[in-house]
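Worksheet: one structure, shown below.
The values are calculated or read from the model by the stated rules, or taken from the named source; none is laboratory data. None of the values given here were measured: they were computed from a predicted structure. Reconstructed Cβ throughout: ideal geometry from the backbone, glycine too, with neighbour counts over all protein chains shown.
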């Protein structure tokens, strides 16, 4: 199998080198995904989708890549985009059911899989996923039943040596790199940077012609200047900066350790863009505030 994948990668890459606009990028990204190189698979698929945004099969591949990377919400969004383009197919619905399972959304997964099973009872993959979706919540309930949990805050009994106490660990906030990776999957965003307090680019997802380091330094200077002047004028610190030009929109969000810069093109709905970015950044910024 590894030899077959390598051979497929070589063939697909040769075609893509000859025609950068070819839709073969999706097959190439899928081959890298199967090989386990998710970073390369993501970049190839992402670049290809910028040229072929209405290629439904590529959105399916991107959904699988994001599923493997543990980015379940983005995997679901890509599956939805594939369905918008090509309609819901059995393969896309099966992928969506798998995403639901990974997200712990067992009820919608079971409903979807039962419908698919009724139409194709001999499909072993559907049967296997349906069994998993039914068994996992039972296993989780069994584990939870064996764990001792205090009923009220402050009313916890002393823990004996043979007792277990549930440790509730909130999900980790996305890293700066994950935020940048996810942001450029938003329609209209062409580049994203994270600039530290000294104006140096720490992380980037940048395919634009303008120099990323120069852009980061300029925006960093603008942010620091505005922050100084507004604090001096008692207006409070700067949180976001919006710069609109003829062709591009620059959206800057300040954090505790630096600034995120997102560059969007004219096809972007500014209101929708801000809502998506604020949702993406909320956990990261909240963690920085609490830390």
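For every residue, the table says whether it meets (1) surrounded by fewer than 17 Cβ atoms within 10 Å (Cβ to Cβ); (2) over 24 Å from residue 11 (Cβ atoms); (3) outside the structural domain of residue 12 (by TED's automatic domain parsing); (4) more than 15 Å from the chain's Cα centre (by Cα).
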site: 26; (1), (2), (3), (4): no, no, no, yes
site: 32; (1), (2), (3), (4): no, no, no, yes
site: 36; (1), (2), (3), (4): yes, no, no, yes
site: 46; (1), (2), (3), (4): no, no, no, no
site: 55; (1), (2), (3), (4): no, no, no, yes
site: 64; (1), (2), (3), (4): no, no, no, no
site: 75; (1), (2), (3), (4): no, yes, no, no
site: 79; (1), (2), (3), (4): no, yes, no, no
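Does residue 249 satisfy the criteria of being surrounded by fewer than 20 Cβ atoms within 10 Å (Cβ to Cβ) and either in contact with a helix residue (DSSP H, G or I) (Cβ under 7 Å, 6 or more places away or on another chain) or more than 22 Å from residue 179 (Cβ to Cβ) (or both)?
Taking the combined requirement at face value, the residue satisfies it.
Restricting segment 193-220 to residues that are surrounded by 20 or more Cβ atoms within 10 Å (Cβ to Cβ) and more than 17 Å from residue 255 (Cβ to Cβ), which is farthest from the chain's Cα centre (by Cα)?
Only one residue tops the list, namely 215.
Report, by residue number, each residue of segment 183-214 that is part of a loop (DSSP other than H, G, I, E, B), touching a strand residue (DSSP E or B) at 6+ places or on another chain (Cβ under 6 Å), closer than 20 Å to residue 282 by Cα and at pLDDT below 80.
Scanning segment 183-214 gives a single hit, 197.
Which of the helices (runs of 4 or more DSSP H) found entirely inside segment 1-81 contain at least 3 residues meeting this: closer than 20 Å to residue 103 by Cβ?
By residue number, 56-68.
Against the condition modelled with pLDDT of 80 or more, over 21 Å from residue 72 (Cβ atoms) and assigned to a loop (DSSP other than H, G, I, E, B), how does residue 156 come out, does it pass?
no
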